[in-house]
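Only one structure is covered here, and it is reproduced in the block below.
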Amino acid sequence: MLLHPSGCLLLLREEDQKSELDWTPLRRLGLSSREAQVLNFVAMGKTGPEISTILNVSHDTIRKHTGSVLRKLRVETRTAAALIASEARRDAVVRVRS
């Protein structure tokens, strides 16, 4: 719990950010498990240092994974990669519902 400056009491809930459900559809893009995890966090707006902390690896390792993801997806920016991740997730949901 956290006390907001306005005097309101805030209840915060931390969720497991390593959840396999979030990044599994990204494997269909031809990514390794770790690359799919990294792309998932990129799509969530996490920075390289944040991702390295979450996954307990060095920032250099995250840079290498990110570079590999961009090459495999044939895009130049993290934003373009995040858009592809969003589309892949949406397609996975459509497949499940069909």
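The values are calculated or read from the model by the stated rules, or taken from the named source; none is laboratory data. Worth saying up front: this structure is predicted, and the values here are computed from it rather than measured. Reconstructed Cβ throughout: ideal geometry from the backbone, glycine too, with neighbour counts over all protein chains shown.
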Q. Which numbered condition trips up LEU29, out of (1) more than 12 Å from the chain's Cα centre (by Cα); (2) surrounded by fewer than 17 Cβ atoms within 10 Å (Cβ to Cβ); (3) of a type in the set (A, V, I, L, M)?
A. (2)
Q: With the condition kept exactly as written, say whether any residue in segment 47-69 is out of contact with any strand residue (DSSP E or B) (no Cβ under 9 Å at 6 or more places or on another chain), in a loop (DSSP other than H, G, I, E, B) and under 18 Å from ASP22 (Cα atoms).
A: yes
Q: Kindly list, by first and then second residue, each pair from a residue in segment 13-37 that is within 14 Å of VAL69 (Cβ to Cβ) to a residue that is at pLDDT below 55 and surrounded by fewer than 16 Cβ atoms within 10 Å (Cβ to Cβ), limited to pairs with Cβ atoms under 9 Å and residues at least 6 apart or on different chains.
A: SER33/GLU20; GLN37/LYS18; GLN37/GLU20
